[in-house]
Structure formats: structure tokens, C-alpha cells
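**Q** Sending over a structure as C-alpha cells; questions will come in a sec.
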């Protein structure tokens, strides 16, 4: 954790269509660059920005602020908002299913991720990260709960339990 700001960045931007469009702009820009067209610079820069955009969450634990951001070329865009009074931090498993259809053949990819959420006193939930490993998620959950001086609920097993900090 750098200073007092907790950051969790996803692998890639949420919309694959956005990335695909960026790749198409890069290809089109490269073709126009081959023909010495100045418009190619705009397409190459814009396409690269779209194809490499990253999504993330930042929580300023000292100032009690949070934001969801988009990272383009290392610059983070997103507005800081005041974090309400956090009642507890929860770590839980979220299951995902992605169905695929090809003509009459159907398949489904099932996988799970461990998610950290901050629960406020007005029953509002703020997501603070998505992890592949339970131990890493619990470690980050403890870090956030300690910094915010609140409780941690481990809901990764069938029976939820409060973690001693």
C-alpha cells in the first residue's frame, strides 16, 4: 500500500468491445500511416488508449475518500467522493457463469472470485477489490478494516465469522 491510499486495479477494462474497437483503430491507423496520412496519428493514439484502458478502485484511508477510475496511459480519471461511515468490511466469494452458444451447442464457464466490500451504516456497499485467492483478499480486507477502525466479516465459508484484528 502506497502511503495511505489503497488501490486495486483490474486486469483490463470491463468492456471487451471497447478493447476490440481500440485494436481496430490501431490497425486502421497503421494502414493510414503506411499511406502517410496524418489522421493515422489520432487513430493510433486513440486506439492504443482504448485497447489498454484499465479500471480500478482507490480508497484514501486517511482522508476517508474513494473513487472508481479509468487508467489511460498511466493517468487515472475519476472523481473522489466522501466515504460514508463504514460499519464493517466483508470478504465473500462471488460466483460467475459465462454461457456460450454456437448453433445448437451450449457451454458454460463457471468460476469464482473473492470480493471485498465496505458496508456503510446506510446499507450501501462499496466494492474494494476482486481477487483470485482467498488469503490475499483476507489480508487486504484486514488492512482496510484496521485503517478504517472497523470490523471484518469473513464470508468465504458456509458459516460467516468475524475476524479478530
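Rule-based calculations on the coordinates, nothing more; no lab input. All of these numbers come straight from a predicted model, not from anything done at the bench. When we count neighbours, we look across all protein chains shown, and the Cβ atoms used for this are built from the backbone with ideal geometry, even at glycine.
**Q** Would you mind putting 58-71, 147-160 in packing order, based on average other-beta-carbon counts within 10 Å, highest first?
**A** Output ranking for 58-71, 147-160: 58-71, 147-160.
**Q** On a 0 to 90 degree scale, rounded to 10, what angle separates helix 134-148 from the longest Cα axis of the chain?
**A** Taking Cα atoms only, the helix is inclined about 70 degrees.
**Q** As a test, work out the antiparallel percent of DSSP beta bridges whose residues both lie in the chain, rounded to the nearest 5. List each step's numbers first, then the result.
**A** Details: 43 of 48 bridges.
Here the share of antiparallel DSSP bridges comes out near 90 percent.
**Q** Please state the shape class of the chain: rounded when a/c is under 1.5, otherwise prolate if a/b exceeds b/c and oblate if not, all from the C-alpha gyration tensor.
**A** oblate
**Q** Taking neighbour Cβ counts within 10 Å as the exposure measure, how do 20, 50 sort from fewest upward?
**A** The fewest-first ordering by Cβ neighbours comes to 20, 50.
**Q** With the Cα gyration tensor of the stretch 84-163 giving a ≥ b ≥ c as the square roots of its eigenvalues, does the rule (a/c under 1.5 for rounded; else a/b larger than b/c for prolate; else oblate) give rounded, prolate or oblate? Each step should come with its number before you reach the end.
**A** On the way: a/c = 3.02, a/b = 2.31, b/c = 1.31.
Prolate, because a/c is 1.5 or more and a/b exceeds b/c.
**Q** Now, a different point. Take every Cα pair under 8 Å in the chain that's 6+ residues apart, average their separations, divide by the length, and report that relative contact order as a whole percent. Each step should come with its number before you reach the end.
**A** Values: 316 pairs, mean separation 29.2, N = 165.
The value is 18 percent.
**Q** Got a sec? How would 104, 120 order by Cβ neighbour count within 10 Å, fewest to most?
**A** 104, 120
**Q** With labels modelled as points extended 7 Å from the Cα through the Cβ direction, what inter-label distance (nm, one decimal) is found for residue 149 paired with residue 41?
**A** Here the answer is 5.4 nm between the modelled labels.
**Q** Once you have a ≥ b ≥ c as the square roots of the Cα gyration tensor eigenvalues for the stretch 9-97, tell me rounded if a/c is under 1.5, and otherwise prolate or oblate according to whether a/b is larger than b/c.
**A** Because a/c hits 1.5 or more and a/b fails to exceed b/c, the stretch 9-97 counts as oblate.
**Q** OK, next. Modelling each spin label as a point 7 Å along the Cα-to-Cβ direction, I'd like the residue 21/residue 130 distance in nm, to one decimal.
**A** Each label point lies 7 Å from its Cα, and together they span 2.0 nm.
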